[in-house]
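Data first, discussion second: the structure below is written as structure tokens.
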Amino acid sequence: MSLDDAVSKPHDRLAEALADDLTAVNHLIRQRMASEHAPRIPEVTAHLVEAGGKRLRPMLTLATARMCGYAGPYHIHLAATVEFIHTATLLHDDVVDDSAQRRGRPTANLLWDNQSSVLVGDYLFSRSFQLMVETGSLRVLDILANASATIAEGEVLQLTAAQDITTSEEIYFKVIRGKTAALFAAACEVGAVIAGKDDQAVRALAAYGDALGISFQIVDDLLDYQGSAATGKNIGDDFRERKLTLPVIKAIAAADDTERAFWHKCIARGQQEAEDLSHAMALMTRHGTLEATRAEALYWAEQAKLALKDLPDHPLKPVLKDLSDYVVARIN
């Protein structure tokens, strides 16, 4: 599946099927990101919200609500909530990572300042909780509040594990389950909950979102070493930022003493030279860790599809299955 082939993109098919709902979500987002007293809030928010993101997470909420037969208005609120939580975490992440670019544009912290990014992120979290409350569902509030806490927990765990070459795959999966998969899972789960579906369907859709989010993050991490201009990734950024992602963790686990000293120098001590990225790539190739990471991404994409197996047939069900293939298409 080519990401450049618009006809084959399940994301585009999903957007087309949900067009009216997405319009309503975008309207609600613009309405709720306004601020009467602090004009910087909509300035900063609009810079990121309207930067051409795929709206994947809110579309998952809309799609799962529709699959479950929901006919009320609150799936729009929940989709906007999910997008606000996601946008808030991006604003905070760019400050933590000292990032200068996102989605091909300067980051908000670069255009304004760190304080604005952090405080506007806080504002969006607050707005997201207002939207949750308006649904009148304590269960929805519980799911999204837990997801918000889990995201923050995952980010803090990643921070404490950074540059520590003893970081294990178990810790890596805890990090990505927190910082990425938690919101995917919650986005799908609340769609089923707001529709009043039984626990089996709710669990199945939450499992789908969890597996999809894990696969999504593994692919993103792999593309740091196998990406291109077409995928929007710069080769080696994670290496230069000394991030311990799955390909590197696997390479360190397989390293001999000389190789381990290399990883300690580059990652733990941050003493990198121009040729070190090429050597790191050679070590990952030698131990097959890039291919092993690819296999992990494909495994989780398959788990996402399996989670949908017992759900009733619906026109959107095969699109969600295809979406898991789309997530890993960049590494096929």
Would you work out the relative contact order for the chain, in percent, from Cα pairs under 8 angstrom that are 6 or more residues apart? 19 percent
Multiply the residue gap between residue 313 and residue 133 by 0.36 nm, knock off their C-alpha separation, and tell me the result in nm, one decimal place. 61.7 nm
Which entries of 197/321; 54/265; 174/321 show an alpha-carbon separation above 30 angstrom in the structure shown? 54/265
Choose one answer from 190, 156, 175: the residue with the largest mean-square fluctuation in a GNM of the chain with alpha-carbon springs under 10 Å. 156
Per residue of the stretch 160-176, what does 6.51 cos²θ - 1.76 cosθ + 1.60 with θ = phi - 60° give for ³J(HN,Hα)? Whole Hz please, x for Gly and Pro, Karplus curve as stated. 6, 8, 4, 6, 9, 6, 8, 4, 9, 4, 4, 5, 4, 5, 5, 5, 6
Among 72, 191, 154, residue whose mean-square fluctuation peaks in a GNM of the chain (springs only between Cα atoms under 10 Å): 72
Assign unit charges at the C-beta atoms only (+1 for Lys and Arg, -1 for Asp and Glu), then state the dipole size of the chain relative to its Cα centre in Debye, rounded to the nearest 20. 480 debye
Using Cα-Cα distances under 8 Å and only pairs 6 or more residues apart, what relative contact order does the stretch 238-317 have, in percent? 32 percent
List the GluC sites (Glu not before Pro) within the stretch 25-81 that DSSP assigns to loop and that have no more than 13 neighbouring Cβ atoms inside 10 Å. 36, 50
Where labels lie 7 Å past Cα in the beta-carbon direction, separation of residue 34 and residue 203 in nm: 4.5 nm
Largest first and in whole Å, give the semi-axes of the stretch 41-87's equivalent ellipsoid, each being the square root of 5 times a Cα gyration tensor eigenvalue. 24, 11, 7
Can you give the local net charge around residue 269? Use residues other than it whose beta-carbon is closer than 13 angstrom to its beta-carbon, Lys and Arg +1, Asp and Glu -1. 0
As a Kirkwood estimate from alpha-carbon pairs, the chain has a hydrodynamic radius in angstrom of 20.6 Å
If R₀ is 22 angstrom, what is the calculated FRET efficiency for the pair residue 237 and residue 166, using the beta carbon separation as r and rounding to 0.05? 0.45
With all protein chains present, calculate the accessible area of residue 170 using a 1.4 Å probe and round the result to the nearest 10 Å². 120 Å²
Between residue 271 and residue 306, Cβ-based FRET efficiency (R0 51 Å, step 0.05) works out to 0.70
Phi to ³J(HN,Hα) by Karplus 6.51 cos²θ - 1.76 cosθ + 1.60 over the stretch 284-296, Hz, x for Gly, Pro: 5, 5, 4, 8, x, 6, 5, 5, 5, 5, 4, 4, 5
Is it possible to state the helix-based mean residue ellipticity at 222 nm for the chain, with each DSSP H run of 4+ residues giving -39500 (n - 2.57), the sum divided by total residues, to the nearest 500 deg cm²/dmol? What is it? -21500 deg cm²/dmol
Can you give the FRET efficiency to the nearest 0.05 for residue 149 and residue 119, using r as the Cβ-Cβ distance and R₀ = 30 Å? 0.90
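The values are calculated or read from the model by the stated rules, or taken from the named source; none is laboratory data. As the structure is a computational prediction, the values presented were derived from the model and not from experiment. In this analysis, Cβ positions are derived from the backbone assuming ideal geometry, glycine residues included, and neighbour counts consider all displayed protein chains. Note: accessible area is taken over every heavy atom of the protein model, side chains too, but ligands, DNA and RNA are not part of it. Shrake-Rupley method; radii C 1.70, N 1.55, O 1.52, S 1.80 Å.
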